[in-house]
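Taking it in order: structure first as structure tokens, then the write-up.
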Amino acid sequence: MPAVQETVEQVRSIDVDQYKYGFTTDVEMELAPKGLSEDIVRYISAKKGEPEWMLEWRLDAYRRWLTLREPEWARVHYPKIDFQDLYYYAAPKSNPAPKSLDEIDPAILETYKKLGIPLREQEVLAGVAPENRIAVDAVFDSVSVATTFKDELAKAGVIFCSISEALREHPELVKQYIGSVVPTTDNFYATLNSAVFSDGSFVYVPPGVRCPMELSTYFRINEKNTGQFERTLIIADKGSYVSYLEGCTAPMRDENQLHAAVVELVALEDAEIKYSTVQNWYPGDSEGRGGIYNFVTKRGDCRGARSKISWTQVETGSAITWKYPSCILRGDDSQGEFYSIAVSNGAQQVDSGTKMIHLGKNTRSRIISKGISAGKSQNTYRGLVSAHRRATNAKNFTNCDSLLIGNKCGAHTVPYIESKTASAVFEHEATTSKVSEDQMFYCMQRGLTQEEAIALIVNGFVKDVLQQLPMEFMVEAQKLIAISLEGSVG
Amino acid sequence: MNAVTPIRTAAEQSLISAYAALRAAGAPAPAVEDLRAQGYSRFEASGLPHRRVEEWKYTDLRAMMREAKPLAGAPDASTLLAAKVAVGNIPRIGGSRLVMVDGFYSPELSDTGTMPDGVKVTSLANAIVGRPEIVARLAGSAAAQANAAFALNAAFLTDGLVIEIAPGTDVGHVLDLISITSAGEARLINARVLVLVGEGASAGIVETHVGPAGTDYQKNVALQVVVGNGATLEHGRRQIEGDQALHLATLDADVGAGAHFDTLTLTTGAAVSRSQLFTRFVGENSKATLRGVTMLRGRQHADTSLLMDHAVPHCESKELFKHILDNEAHGVFQGKIIVQPVAQKTDGRMMSQTIMLAEGPAMDNKPELEIFADDVACGHGCTCGELDPDLMFYLKARGIPHGEAEALLVEAFAREAIEDFGEGPLGVVEELREAMLATILDWMRARA
Amino acid sequence: MSLLEIKNLTAKLADEDKQILNGLNLTVEKGQVAAIMGPNGSGKSTLSYVLAGREDYDVTDGEALLDGENILELAPDERAAKGLFLAFQYPIEIPGVGQMTFLKAAINAQRKKNGLGEISTPEFIKLVNGKAKELGISQDMLRRSVNVGFSGGEKKRNEILQMSLLAPKLAILDETDSGLDIDALKIVADGVNAMRSPDRAFVVITHYQRLLDYIRPDVVHVMAGGQIVKSGGPELALELEANGYADIVGKAA
């Protein structure tokens, strides 16, 4: 178990308020004028060279957004966001649409290197077995700067590119699916995203194809006073399979920054999508200064029979997390899964969970959520499981456990369980407890320090979820969790 | 700022004029007038709750209460005579019977003579005279005060009962409280009962709510309970209202130190009902058990919403609710356990289980935990589904007919919530358990 | 210098007033196996918890010197690093934490405090497998979470496995015999006996003579009312078995 030891080493070597990814990159950026208006929406669309229908779609969303109010039902508190005081578009000036790595600003390449995300394929290839390769789409503020292994993926028929490129190269696919899972009218933040989204990833896996490697997108917010609004669309056609991972970091800044993403997944008949997130946006300092406001709408549509969508998330960052990756189980015999670890420390506020909407017959879902609250943080699980009349023999199993470390934090559970079908079988269980003193004493009697003991016990607590992550990210996530809990005992 | 004039529904308008009429007629005491005014102002501000109000998400009272019936007045002689006959047909549970007709206490129909020592029963109107501590209690907990049904109950506060159990008294038998609605034109019945269990005392109370079938009367009752330090209260409740009735009930309980409170509700009646339980620990080392069995058929709607407030350390609460739904019935369970920052060493366990006997019913569950203290062991569970097909098959393979097999399994399912009720000193609670199980069996038999 | 010297140790449960240890004095020499016997409630387990540093207890007076150093102010892990090991009467279950993970973490914690690098994986596996085999601990048990799903006997053997891996200076065995059948008792005793050495001492807390048939003590102390009330040779244990505690405890009171 080198991870725990390593973790503890790492924990020791940093201060409470230190965030490993908190550096800034000095790149000359091109910014849209501050604020939001129809002109800004047109500006973004024009920058991207989008087709006319896309501009109309965005403008519709923008007009709709003007009529909406910010949702207030979540257990999160923050000063009102001034949506006119943000930049909605920020792209590196040197070359916003580089054709090859050589055209990218070296400072940006250096940034990704520092983050441990190699963008040069030959660097990735060195010493890595082909099946362990990962293709990366790197998004820097508002634009995708590079996508690796595109050619190799294309050989298998897999399209993996930025959504801007997809709009240019594959407009018919985008037009068919965008907004079909999260409509432009969905909610305040999703509607805002629809109007102003700047970039994100697009994946299409053709029928019967098992995507030959892991796909991932790495999101980096760099510029200050800039919102990041990415949009990701993944389509798994009949009988295909894809595993996708996203990671995110941002510099440490005293002011809050907004991140409002939309992710749409579509799984057709017999297709499977596995979507993993390691969210490590800057959480703010221990007093709650700075940090990312993370308002995200993620939804998967199991549109075809026997399709499957699985969400796994490790949430350690952000000042505020507001996200509910959900599954619409439309196809008969389809399956949805949600595995979550949400760690909050300092002054972080997490309100996260999932929705499993059972529409089809014999649909199944499984929810495993592990919340860990420390410091002065508040951590809420909010979830919905529902079975509609047609969803005969639907099954759900939910387990949500919360762990409290220290007596200044809060852990809350708000599940909604709604059934309209007798043959649907729903089972839900939730527990809240603290790290057991007996376990702590036992570990310490065997020579582990308090921090080592906490790391060990917490890793045990979240094990069921960690195991769902792709192997190479499991260790990373394990470390991240321990680092996030640094300073929580004492 | 422009004042927003809310659009009032027909029911809201009737309630507003009913209050005005009541106010014009005057209150039995100035204290009552104040309580009414407080309740009314809360109602006036927010109107009848609807589905956009989170606590009423699944019970849209504004839509379900299309009109408000006229307020019931005190029963006349012939009404009392009819009520006497009806009450006589309800088998007794335990000891002294107390009867309320249309929300008014009726000493004539009650066993005032046989009241045990240490038990004082007074009509609410009389009890508050010169007793500010009673008036203060009637204002209710913060949770109750914020609640629409309780606010309406306060607005129309007229009569009810105050039951006082003197410190150290062991009542030894159950108070059998019948709340009956008389036949005739449908009206709105409003009643309040306050039960004060003194330090170290123990008592049992069973409420039975009945009324005529075929009439859409409305009833909004509140029971306030104070369980003193070291005291025990066991509370049973049978809601067997008429099939067209609307029934709203609030239980507002404060549980003192080293005290024990156990409450069990059986719901089979009314077209629309909501049972609200606000329970709060105000002293350490106490225990509360909240439980219920709800059986619904046709298009009945029943909502159980509870708030268990662990405001002090070292307390234990258990919540167990069972729902059996047939036809196109709609069951709701909302349960929230709050553990306040000071409430270390809290133990809270909540469970809601549902069995659906047909394809048509719907069940909505919202079991919540809100925890601000770390040294706690809290949990909730929720299950929903049909009767276990394996068990059904097993029973049928042993020659038991389908209907009987269902009845057996349903009884076993419900029994769990009833079985250990009344483990305290109150032996006669056995009668209540038996009566409830009999009701459950009758209900199952009536299905066939 | 004695390995362990306890002087006038007085302790109580943190949230209660009642003293459980009442000025206890005890000396354990290097190489010694000292048995502590006594009736229920005499404070035997409290003594083991106080020595290991459990937070639920408050030491109100006295000191406990390990190799001449007072350990009562140290955190439990610091005491462990100084070579103190407690075999728990009720070993704790830690769901999700693999047995091997746990053992390796404990070994490495110890090595680090001794200025050594981490143990290599092959070396670690060899070490554990060897010891596990001697104690009849199956590979399956090693694959499970710490103590989760273990029988009472398996948990006790697991304690002895940890003890032999950590090779402490002073091992306190708290009622290690409870819940063991005779075969398991023998395995556990063999494990302890194999570790006896001139540099190491054992404090064996037990209720019954039975365990002492297999782990022969050098001295036997009788505890009652939070004090050592009588000390003697191995024959004292036999005497207790025959006559019960009433005699001695009665006299002391």
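Structure remark: mean-square fluctuation, Gaussian network model of chain C, C-alpha springs under 10 Å; the largest value among C:G179, C:G53, C:G226 belongs to C:G179.
In this rough spin-label picture, where each label sits 7 Å from Cα along the Cβ direction, the B:D170-B:N285 distance is 2.0 nm. Each Cα pair under 8 Å and six or more residues apart adds its separation to the average, and for the stretch B:72-387 the resulting relative contact order is 11 percent. Between helix C:121-134 and chain C there is an angle of about 50 degrees, using the helix long axis and the longest principal axis of the Cα atoms. I want to make sure I understand the PRE zone here: with the label point 7 angstrom from the Cα of B:A397 toward its beta carbon, which residues in the stretch B:356-372 have backbone N atoms less than 18 Å away? Under 18 Å, as judged by backbone N against the label point of B:A397, lies no residue of the stretch B:356-372. Using a probe radius of 1.4 angstrom, the carbon and sulfur fraction of the accessible surface of the stretch A:355-490 is 51%.
Taking B:Q340, B:Q239, B:Q224 as the candidate residues, the one with maximal mean-square fluctuation in a Gaussian network model of chain B, Cα springs under 10 Å, is B:Q340. Kindly flag which residue pairs out of B:K322/C:K155; A:K355/A:K376; C:K44/C:K82 have an alpha-carbon separation exceeding 29 Å in this structure. Over 29 Å apart, Cα to Cα: B:K322/C:K155. Fully extending the segment from B:D34 to B:T383 would add 121.2 nm, taking 0.36 nm per residue of separation and subtracting the current Cα-Cα distance. Taking a sphere under 9 Å around the Cβ of B:G403 and counting the other residues whose Cβ falls inside, with K and R at +1 and D and E at -1, yields a net charge of 0.
Each peptide among C:72-78, B:102-108 gets the average number of other Cβ atoms lying within 10 Å of its residues, and from highest to lowest they stand as B:102-108, C:72-78.
Taking both sides together, the accessible area buried where A meets C is about 2400 Å² for a 1.4 Å probe. Split the accessible area of the stretch C:7-82 by element, probe 1.4 Å, and carbon with sulfur accounts for 40%. Summed over both chains, the area buried between A and B is near 2600 Å², taken from the accessible surface of protein heavy atoms with a 1.4 Å probe. The residues of the protein assembly as shown expose, per residue, 37 Å² of accessible area to a 1.4 Å probe.
Take each residue of peptide C:87-96, count the partner chain Cβ atoms within 10 Å of its Cβ, and average: the result is 5.
Summarising the amide proton neighbourhood of B:K336: residues at separation of 5 or more, or on other chains, whose placed amide H is nearer than 5 Å comprise B:L306, B:L307, B:M308, B:E368. Ignoring lysines fewer than eight residues from B:K84 along the same chain, the ones with Cα atoms less than 28 angstrom from its Cα are B:K69, B:K120, B:K219.
Long hydrophobic helices in chain A: the complete DSSP H runs spanning 15 Å or more by Cα along their own axis with mean Kyte-Doolittle hydropathy of at least 0.0 are A:450-461, A:471-484.
Normalised by the number of residues in the stretch B:388-448, the mean separation of alpha-carbon contacts (under 8 Å, six or more apart) gives a relative contact order of 32 percent. Taking every residue in A:459-465 and counting other chain Cβ atoms within 10 Å of its Cβ, the average works out to 4. Contact order for the stretch B:1-127, expressed relative to its length and based on alpha carbon pairs under 8 Å spaced 6+ residues apart, stands at 21 percent. Taking 16 Å as the straight-line reach from the Cα of C:K169, the aspartates and glutamates in range (excluding those fewer than 8 positions away in the same chain) are C:E5, C:E29, C:D67, C:E69, C:D77, C:E78, C:E159, C:D199. Suppose R0 equals 30 Å; then what is the FRET efficiency for C:K113 and C:R196 from their Cβ-Cβ distance, rounded to the nearest 0.05? Efficiency, from the Cβ-Cβ distance: 0.80.
In this label model, B:A20 and B:E185 are separated by 1.9 nm, measuring between points 7 Å along each Cα→Cβ vector. Among the listed pairs A:K323/B:K345; A:K80/A:K224; A:K323/B:K57; A:K93/A:K274; A:K113/A:K175, those whose Cα-Cα separation exceeds 24 Å are A:K323/B:K345; A:K93/A:K274; A:K113/A:K175. Distance between the modelled labels on C:S178 and C:V148, one decimal in nanometres: 2.5 nm (7 Å Cα→Cβ projection). Over all other residues within a Cβ to Cβ distance under 10 Å of C:M1, the charged ones net out to -2, with Lys and Arg as +1 and Asp and Glu as -1. For the residues of C:70-79, the average number of beta carbons from a partner chain within 10 Å of their own beta carbon is 3.
Here chain A is treated with +1 on each Lys and Arg Cβ and -1 on each Asp and Glu Cβ, and its dipole about the Cα centre works out to around 1420 debye.
Other residues within the sphere of radius under 11 Å centred on the Cβ of B:V226, judged by their own Cβ, net out at -3 (K and R +1, D and E -1). Multiplying the residue separation of B:R8 and B:A63 by 0.36 nm and subtracting their alpha-carbon distance yields 18.6 nm. If R0 equals 22 Å, the separation of the Cβ atoms of A:K80 and A:K34 corresponds to a calculated FRET efficiency of about 0.80.
As a calculated quantity, the FRET efficiency between B:E54 and A:E56 at R0 = 45 Å, using C-beta atoms, amounts to about 0.80. Of all beta bridges that DSSP places with both ends in the protein assembly as shown, some 15 percent have antiparallel geometry.
Let me know the charge dipole size of the stretch B:388-448 about its Cα centre in debye, to the nearest 20, where only the beta-carbon of Lys, Arg (+1) and Asp, Glu (-1) is charged.
Using Cβ point charges on Lys, Arg, Asp and Glu, the stretch B:388-448 gives about 360 debye.
Take C:25-33, B:243-251 and order them by the average number of nearby Cβ atoms within 10 Å per residue, most first; the result is B:243-251, C:25-33.
The values are calculated or read from the model by the stated rules, or taken from the named source; none is laboratory data. Keep in mind that what you see is a predicted model, and the values were worked out from it rather than measured. All Cβ positions, even for glycine, are placed from backbone atoms using ideal geometry, and neighbour counts span all protein chains on display. What goes into the accessible areas is simple: the full protein's heavy atoms, side chains included, and nothing from ligands, DNA or RNA. Shrake-Rupley method; radii C 1.70, N 1.55, O 1.52, S 1.80 Å.
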